[in-house]
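Data first, discussion second: the structure below is written as structure tokens.
The values are calculated or read from the model by the stated rules, or taken from the named source; none is laboratory data. What you are looking at is a predicted structure, and each value in this text was computed from that prediction instead of being measured. Cβ: placed from backbone, ideal geometry, glycine included. Neighbour counts: every protein chain shown. Remember, those area values only see protein heavy atoms, side chains included, never the ligands or the DNA or RNA. Shrake-Rupley method; radii C 1.70, N 1.55, O 1.52, S 1.80 Å.
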Amino acid sequence: MITGRHEEIDGTDHLVLRRGIEAPVDEVWAAFTESDRLGRWFATWSGDPASGQVDIRWSFEEAMPTEPYVIEACEPPRHLRVHNVHDDPIQVWTIDVELTGAEPGTALTPASR
């Protein structure tokens, strides 16, 4: 089940989603961090994550160029936070997820602030 709500964080509007996934934490982590698995449902990435940045290519948006994303936090297999690079602050999107074990699998929630 997925639930969502509006939340204001530091004066900025956020869409906060929570979801339960019937898979172990390690599998859900791989679905977020391995390019081929991420590409099945969201986007693929290229580059060296150790550099702190990767290029994202959206899986379902035709004719979209790749977009650089900065890796702000990567704490396997629990916490991932990335944001795109854009000159216009309104166009910057941050993805911040925390994975925790929950019955019957994994809870995907916004990371603790």
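Ignoring everything but the protein chains, give the 1.4 Å probe accessible area of residue 61 in square angstrom, nearest 10.
Number for this one is 110 Å².
Restricting attention to the alpha-carbon atoms of the chain, what are Rg (one decimal) and Dmax (integer), both in Å?
Values for the chain (Cα only, Rg and Dmax): 14.4, 42 Å.
Give the whole-number value, in cubic angstrom per residue, of the convex hull volume spanned by the C-alpha atoms of segment 1-45.
106
Picking from 52, 100, 29, whose Cα lies most toward the positive end of the charge dipole for the chain (charges on Cβ: Lys, Arg +1; Asp, Glu -1)?
Farthest towards the positive pole: 100.
Starting from segment 12-76, pick out the chymotrypsin sites (Phe, Trp or Tyr not before Pro) whose DSSP state is loop and whose Cβ has at most 10 other Cβ atoms within 10 Å.
Loop-located and lightly packed - 41, 60.
Whole number please: convex hull volume per residue, Cα atoms of segment 51-113, in Å³.
121
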